[in-house]
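Right, one structure below, let's go through it.
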There are 2 protein chains.
Amino acid sequence: MNLSLESAIKAWQEELGEDCVDIGTDSLSRIAEATFKIERRVLAILRPKDSGHVQACMRIANLYMVPVYVVSTGKNWGNGSSVPTQDECVVIHLGKMNTIKDFNEKLAYVTIEPGVTQGQLAEFLKEKQSDLWVDMTGAPPECSLIGNIMERGHGHSAYSNRVEHISGLSVVLPNGDIIESGFGKYPDALAAPVYPWGLGPSLDGLFTQSNLGIVTSLTMWLMPKPEVFECFYFLAAGEDGLEQVIDALQPLRLKGVIKSGLHIGNNYKAINTYGQYPWELAGGRTPLPEDVLKKLSKQTGCGDWNGSGALYGTRQQVADAKRQICFALKGKVKRLSFLTDFRLSIIKRFPKLLGYALKVDLVTLLPVMEAIYGLSKGIPSDIWMASVYWRKKQAPPAIKDPDHDRCGLIWYSPVAPLEGRHAVIISNEVKKIMLAFSFEPLIAVVFFSERALCCVISIVYDRDIPGEDDRAMQCHDDIIRRLAELGYYPYRLGVQNMSKLPEPSADYVKLIRKLKAALDPERILSPGRYEC
Amino acid sequence: MNLSLESAIKAWQEELGEDCVDIGTDSLSRIAEATFKIERRVLAILRPKDSGHVQACMRIANLYMVPVYVVSTGKNWGNGSSVPTQDECVVIHLGKMNTIKDFNEKLAYVTIEPGVTQGQLAEFLKEKQSDLWVDMTGAPPECSLIGNIMERGHGHSAYSNRVEHISGLSVVLPNGDIIESGFGKYPDALAAPVYPWGLGPSLDGLFTQSNLGIVTSLTMWLMPKPEVFECFYFLAAGEDGLEQVIDALQPLRLKGVIKSGLHIGNNYKAINTYGQYPWELAGGRTPLPEDVLKKLSKQTGCGDWNGSGALYGTRQQVADAKRQICFALKGKVKRLSFLTDFRLSIIKRFPKLLGYALKVDLVTLLPVMEAIYGLSKGIPSDIWMASVYWRKKQAPPAIKDPDHDRCGLIWYSPVAPLEGRHAVIISNEVKKIMLAFSFEPLIAVVFFSERALCCVISIVYDRDIPGEDDRAMQCHDDIIRRLAELGYYPYRLGVQNMSKLPEPSADYVKLIRKLKAALDPERILSPGRYEC
């Protein structure tokens, strides 16, 4: 350990208390694990308890010139988990800062710290008997909300574009200063939690996907529970089907008839969520043989593309939305169905019987259907965690730790205009590349907004098989390169691809460097993170 | 003229052409006029024709250290029009940059330059027989869209929060560099017009209400024409009525039943829009005597508070919204009515007859009702322009130029959480102050979003009356101070109040100064504009 690091650690121990500074060998090696191959030495882990602690962390880091990297709960699986973008960093882990600082039922918001998780907030609202719902991602209950929001993550509800439903950030700057964004710059401003823009230049965007500050709290807006809630599901055949469905539903999203983040997963993706790789059926071969894919598709009743979305509103609004969806999808999909609390309770009572009648394996399908249904109404689920154990030879353990269990998972998520043809182009390109690398093309198309779609691509493999780590990363790199050639760029990056995209325009790069130099001249905070 | 200015002007003339550099005495004195007293000497006016010109403007300004101030069309009445925040600036006027650069009907957007006006875009869409509507403010057709958007202005439609409906800014930086925000940093990115966030720190907010860059184009999203469109109107009595109405409608706004920016103007505001100050009835007295207010209220059929909003959706959605509004407002309002194209056409045919039956002066009301109705569906109107001639002794001229016609107008617009009690507190405080200064308390409460309201306060007076300029500004300053004491801050500023609010937190001020120093070390671009 070099001298300045030693001094820094001593100073952190003094300021934060020894329990907040972790230099245990095991902790340090665990926090450097991800779901793909990445070599980083982490020097220490700091676990501040409040924003004062975070300020102290930064002041000391600057004093001793020790670079730090910040995570909320660090469960950014597929994008590097807790692993820093640069070697030899100290990790600041914000998990201990998990206070729900404010709650307003009428104006529908909570003010939370970075350690507050999806599950914790859902529980809190339940305890309060609140009529508000939290937007949920497919990540399990123990994942940070702020961590995801600052990566501009998307959930499943009408508030799926999470970053557009926040206000009043508290941000510790690289030099240890602390600011409140929006109206919060005036300590007594009443509108700070409800009006994000404040007065003067709006800074919130600057602290998303960046290394310019550490968000230590923010106000997250919650969705009012609607009078009626239903989910809908449908199947589409082939790339033509996908294109038609997207083009049919886009006007409904634009008009606000559908408000949720619609998801359309391909057959591989569907089967991946239902269980592990069918090693026996496939005779040990990879990627999944065509005939096995067909057989499993038939068995689980999944289509080439499998869509789901949610409807929120009054009785009349939802009835009207259903009418419009039925009309728009007529002749374009199979098995369009709507799920309500009542219908779900019936299916749960007779899954075998109904499955027999419908000729699908409802016993297998039910937990996934139910999880999607729950997500859309603010109930988190850990059901998708099993899917990263897809290529493992053993069953997933009860307590899942994909980083440590050597699950292979690399994520990539290109954005395109909300038109069917773009989804088809991306899907076809990715499929070609992934199959050539012997990975299943696990692809979901997500309606990101009224005008944009996102393809969520997962490379899932087994890190215990020699050579797979490198092959998966090569596959990932090929996908990035090919999609960028076609004009498709991702909505977020991971530690694996912070510098794999083409260089942006020269003036843009200059600007980003100027901003970094102004706020963090010594490059102490998360060096290499989203720096163009 | 000093030497460096002379050289700068010569350089601008060479780069832009002589027709783009205006140093005529009359032009310079006209551009320094506003709707209140403000003394600024403008050194020259530059009228660039494209972003290359804007870059040249900035490079030359830096070379010769001549500060510049930027306006789009400069019609920021009530907040300083075209007048720079600092004395001895050159004004860059972007009115000549008025190209509509891109249009996409399916994905519902246009890409525009700062000189494109509300009226121009409305005309363009009409010519294209488009089914898209532009969000409109109450400003007349010849006002810039980008000018208003960059001030984070609000319109009347479901896209009223304009700054949340843009993407892909082109920005000339203070040093003359040019960047594209969002995905635009990659020249070939297909999602640039539809997904504003791009990748890495989001910079858009930084260029709103700021002096950190000049936006030379952006993509503005348009609203799809709904199947059904209706406006609704209602009256409420007293402050109790106002509070009840806001609290009754807030849940509907939160649930998305009402999507438009609802407006509730007080009796003074209503009468102000119907005609000029009733000098005769008032016997020359100001402020408007109570008995005259009552008389005119009765005559025009306006209430203490006069609400209007718009409904967009399918037949069923609008029917459902109407049902919910009627239920929510039951017993709380008078004369709740809904206006459709059909009903409007009937009223237009028989205004006198219907007015007689309803006991209101429909001949006077009709143009205002029709203008509000039109605004909400993307038709701009200049009807509100007359209201700034309120205290003038002569009728407004056919061609209105409030700056030059010595109309007195000062705007202020505090934001509060969307709860009735806040509107009442603000309204009462403002009323007390304004009446004490002998001005009519012209106040409108606007639903800004699901969670915030804004009070639009106008001080309207006659600049030709000696002493009124100073009295109006004193009144304005008192309002600012009192509302800030109570925790209410405005959503935008004007040249008259850039430095009248309390100082924000010290760390915040430091940050803003650092950003300015990094991007504009010589303080060439709009010095003093939104600098805390």
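The values are calculated or read from the model by the stated rules, or taken from the named source; none is laboratory data. These numbers come from a predicted model, not from an experiment. We place every Cβ from the backbone using ideal geometry, glycine too, and count neighbours over all the protein chains shown. Note: areas computed on protein heavy atoms with side chains; ligands, DNA, RNA excluded. Shrake-Rupley method; radii C 1.70, N 1.55, O 1.52, S 1.80 Å.
Points to keep in mind about this one:
- Scope region A:1-41; condition assigned to a helix (DSSP H, G or I), exposed (fewer than 14 other Cβ atoms within 10 Å of the Cβ) and either under 25 Å from the mean Cα position of the chain (by Cα) or among the charged types (D, E, K, R) (or both); matching residues: A:GLU6, A:LYS10, A:GLU14, A:GLU18, A:ASP19, A:ASP26, A:SER29
- Within region B:433-471, considering residues that are under 27 Å from B:GLY307 (Cα atoms) and small (Gly, Ala, Ser), the one farthest from the chain's Cα centre (by Cα): B:ALA436
- Failed item in (1) outside any loop (DSSP other than H, G, I, E, B); (2) within 12 Å of chain A (Cβ to nearest Cβ); (3) of a type in the set (Gly, Ala, Ser), with B:ALA444 passing the rest: (2)
- Of all residues in region A:161-189 being facing chain B (nearest Cβ under 10 Å), assigned to a strand (DSSP E or B) and among the hydrophobic types (A, V, I, L, M, F, W, C), the one that is surrounded by the fewest Cβ atoms within 10 Å (Cβ to Cβ): A:ILE178
- Test for A:ALA44: is it over 13 Å from A:VAL90 (Cα atoms) and crowded, with 17+ Cβ neighbours inside 10 Å: no
- Qualifying position, being over 29 Å from B:LEU132 (Cβ atoms), modelled with pLDDT of 90 or more, open to solvent by 80 Å² or more (accessible area, probe 1.4 Å) and of a type outside the set (S, T, N, Q), among B:LYS352, B:LYS393: B:LYS393
- Residue in region A:472-495 that is touching a strand residue (DSSP E or B) at 6+ places or on another chain (Cβ under 7 Å), farther than 23 Å from A:PRO174 by Cβ and small (Gly, Ala, Ser) present: yes
- A single entry from A:PRO504, A:PRO527 fulfils the requirement of being closer than 15 Å to B:ALA189 by Cβ and in contact (Cβ under 8 Å) with a residue 24 or more places away in the chain: A:PRO504.
- Output for region A:314-338, where each listed residue is open to solvent by 10 Å² or more (accessible area, probe 1.4 Å) and under 14 Å from A:GLU227 (Cβ atoms): A:ARG315, A:GLN316, A:GLN317, A:ALA319
- Residues that are free of Cβ contacts under 8 Å to residues at least 24 places away in the same chain and within 10 Å of chain B (Cβ to nearest Cβ) within region A:488-501 comprise just one, A:LEU501.
- Residue match in region B:256-264 (condition: open to solvent by 10 Å² or more (accessible area, probe 1.4 Å) and more than 9 Å from chain A (Cβ to nearest Cβ)): yes
- Residues that are closer than 27 Å to A:GLN55 by Cα and more than 9 Å from every other protein chain (Cβ to nearest Cβ) within region B:504-532 comprise B:ARG513, B:LYS516, listed in sequence order.
- Candidates B:GLU39, B:GLU105, B:GLU15, B:GLU33, filtered to the one that is farther than 20 Å from B:SER210 by Cα and assigned by TED's automatic domain parsing to the domain that holds B:ILE166: B:GLU105
Listed here are the residues, each with its yes/no results for (1) assigned to a loop (DSSP other than H, G, I, E, B); (2) loosely packed, with under 15 Cβ neighbours inside 10 Å; (3) more than 21 Å from the chain's Cα centre (by Cα).
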{"position": "A:ILE346", "(1), (2), (3)": "no, yes, yes"}
{"position": "A:MET369", "(1), (2), (3)": "no, no, no"}
{"position": "A:GLY374", "(1), (2), (3)": "no, no, no"}
{"position": "A:SER387", "(1), (2), (3)": "no, no, no"}
{"position": "A:LYS400", "(1), (2), (3)": "yes, no, no"}
{"position": "A:ILE410", "(1), (2), (3)": "no, no, no"}
{"position": "A:VAL415", "(1), (2), (3)": "no, no, no"}
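- In this entry, B:LEU218 passes the filter for residues that are of a type in the set (A, V, I, L, M), on the phi < 0 side of the Ramachandran plot, crowded, with 24+ Cβ neighbours inside 10 Å and assigned to a strand (DSSP E or B).
- Search result, residues across region A:355-367 that are loosely packed, with under 13 Cβ neighbours inside 10 Å and in contact (Cβ under 8 Å) with a residue 40 or more places away in the chain: A:LYS359
- Residues located in region B:144-160, provided they are open to solvent by 10 Å² or more (accessible area, probe 1.4 Å), more than 19 Å from A:LYS255 (Cβ to Cβ), in contact with a Gly (Cβ under 9 Å, 6 or more places away or on another chain) and not in a strand (DSSP E or B): B:GLY147, B:ASN148
- Only a single item in (1) farther than 14 Å from B:GLY256 by Cα; (2) in the same structural domain as A:PHE342 (by TED's automatic domain parsing); (3) among the β-branched types (Val, Ile, Thr) is not met by A:ILE214, and it is number (2).
- Selection from region B:190-204 of residues that are in contact with a strand residue (DSSP E or B) (Cβ under 9 Å, 6 or more places away or on another chain), assigned to a loop (DSSP other than H, G, I, E, B) and either touching a residue at least 12 places away in the same chain (Cβ under 8 Å) or more than 7 Å from chain A (Cβ to nearest Cβ) (or both): B:ALA192, B:PRO193, B:VAL194, B:TYR195, B:PRO196, B:TRP197, B:GLY198, B:LEU199, B:LEU203
- Residue check for B:GLY256: modelled with pLDDT under 95, in a loop (DSSP other than H, G, I, E, B) and on the phi < 0 side of the Ramachandran plot: no
- Strands (runs of 3 or more DSSP E) wholly inside region A:48-116 containing at least 2 residues that are touching a residue at least 12 places away in the same chain (Cβ under 8 Å) and more than 21 Å from the chain's Cα centre (by Cα): A:89-93, A:100-104
- Set side by side, the residues A:GLY283, A:GLY275 differ, and just one is out of contact with any strand residue (DSSP E or B) (no Cβ under 8 Å at 6 or more places or on another chain), at pLDDT 95 or above and small (Gly, Ala, Ser), which is A:GLY283.
- All positions within region A:208-235 that are in contact with a Lys or Arg (Cβ under 7 Å, 6 or more places away or on another chain), away from chain B (no Cβ under 14 Å) and of a type in the set (A, V, I, L, M): A:LEU235
- Unique residue being in the same structural domain as B:PRO397 (by TED's automatic domain parsing) and in contact (Cβ under 8 Å) with a residue 40 or more places away in the chain when the list is B:ALA282, B:ALA321, B:ALA270: B:ALA321
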